[in-house]
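Right, one structure below, let's go through it.
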Amino acid sequence: MNFSRVLLLVFACLVALCAVRAAPEPRWKIFKKIEKVGRNIRDGAIKAGPAIEVLGQAKALGK
C-alpha cells in the first residue's frame, strides 16, 4: 500500500511539472510575423511620404 502511495505521489509530481511551463512560447507566431511585416510596410509608407510629395512637385514643374 505504501508503494502505491509513493508511486501515485511521484506520478502526480511528474504531471504537475509537465503541465507548468516557465516561459511558454507564443502559439500564434505566424500572425506575429504577419503583423510585423504590415508594421514595416506602414512605417515605410509614412517615411516615404515626403519624398513622394517632392517627386510630385518636381514632375509638376517639368510640365
Requested in this report: Could you run the Karplus curve 6.51 cos²θ - 1.76 cosθ + 1.60 with θ = phi - 60° over the range 35-50 and give me ³J(HN,Hα) per residue in whole Hz, x for Gly and Pro?
Outcome: 5, 5, 4, x, 5, 5, 5, 4, 5, x, 5, 5, 6, 7, x, x
Query - Where labels lie 7 Å past Cα in the beta-carbon direction, separation of LEU14 and ILE30 in nm - result: 3.4 nm
Requested in this report: Can you tell me how much longer the chain between ASN40 and ILE52 gets when fully stretched, taken as 0.36 nm per residue apart minus their C-alpha distance, in nm with one decimal?
Outcome: 2.6 nm
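Only the coordinates and a few stated rules stand behind these numbers; no lab work does. Bear in mind that the values here come from a model prediction, so they are computed numbers and not experimental data. Positions of Cβ are generated from backbone atoms using ideal geometry, with glycine treated the same way; all protein chains shown enter the neighbour counts.
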